[in-house]
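A short worksheet on the structure shown next.
The values are calculated or read from the model by the stated rules, or taken from the named source; none is laboratory data. None of these values were measured; they are calculated from a predicted model. Counting neighbours? That spans all protein chains shown, and the Cβs are built from the backbone with ideal geometry, glycine included. When the accessible area is computed, the model is the full protein with side chains, heavy atoms only, and any ligands, DNA or RNA have been set aside. Shrake-Rupley method; radii C 1.70, N 1.55, O 1.52, S 1.80 Å.
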Amino acid sequence: MTDNEPSHTIKNLGEVEDSAARFGLGDFGEARFAREELGAQDTGISRHILHANKRQPFGHKHAECEEIYVVINGSGKIAIGDHVHDISILDAVRVSPETPRAFEAGPDGLEVLAFGSHFEDDGEILQDWWPAEVE
């Protein structure tokens, strides 16, 4: 840290730009990525809200970044690799970098905080990804 850099930053996650709306995905919910607005160098944090009974239209994975998700409101499902798990408030989920993942909200919606290391251009979007569910 230099003398010109602040020792800390406070930012309300509700005030961070909604990337979902910016990319035409507002019907599904919100996605607010706060790393840059917080001035973080190595740590990523984001807030994701899915509207009731909506599934993310894509999954994603990383080359290097492990992520931890914490459900802070609502309930739903998380698809991780070939598995689908029910999740609810205060569930914390760790996902290894190369494992595909996506969320689906339950009837009350789903709100999740995501945390991970930041590596430039590390993420890969997987269009229409969701594992086949066993009945």
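Sequence-ordered 3J(HN,Hα) estimates for the stretch 88-104 from the Karplus curve with 6.51, -1.76 and 1.60 and θ = phi - 60° stand at 8, 3, 6, 5, 10, 10, 9, 10, 5, x, 7, 8, x, 8, 7, 10, 9 Hz, glycine and proline given as x.
Solvent-accessible area of the chain (1.4 angstrom probe, protein heavy atoms only): carbon and sulfur portion equals 48 percent. Backbone phi angles across the stretch 15-23, fed through the Karplus curve with coefficients 6.51, -1.76 and 1.60 (θ = phi - 60°), yield HN-Hα couplings of 9, 6, 3, 8, 5, 4, 5, 4, 9 Hz in residue order; Gly and Pro are listed as x.
Where the only charges are on Cβ atoms (+1 Lys, Arg; -1 Asp, Glu), what is the dipole of the chain about its Cα centre, to the nearest 20 debye? It would help to have the intermediate numbers written out before the result.
Numbers: 11 positive and 27 negative charges, 73 e Å.
My answer is approximately 340 debye.
Comparing ILE125, ILE45, ILE87 in a Gaussian network model of the chain (Cα springs below 10 Å), the most mobile by mean-square fluctuation is ILE125.
What do you get for Rg/Rh over the stretch 1-107 if you use C-alpha atoms and the Kirkwood form of Rh? Provide the component values of the computation, followed by the final result.
Details: Rg = 15.1 Å, Rh = 15.2 Å.
Checking Rg against Rh, the ratio lands at 1.00.
For the chain, build the charge dipole from Cβ charges (+1 Lys, Arg; -1 Asp, Glu) around the Cα centre, then report which of GLY39, HIS51, ASN12 sits farthest towards its positive end. The listed residue farthest towards the positive side: HIS51. At 222 nm, what value in deg cm²/dmol follows for the chain if DSSP H runs of at least 4 each add -39500 (n - 2.57) and the sum is divided by all its residues, to the nearest 500? That calculation yields -1000 deg cm²/dmol at 222 nm.
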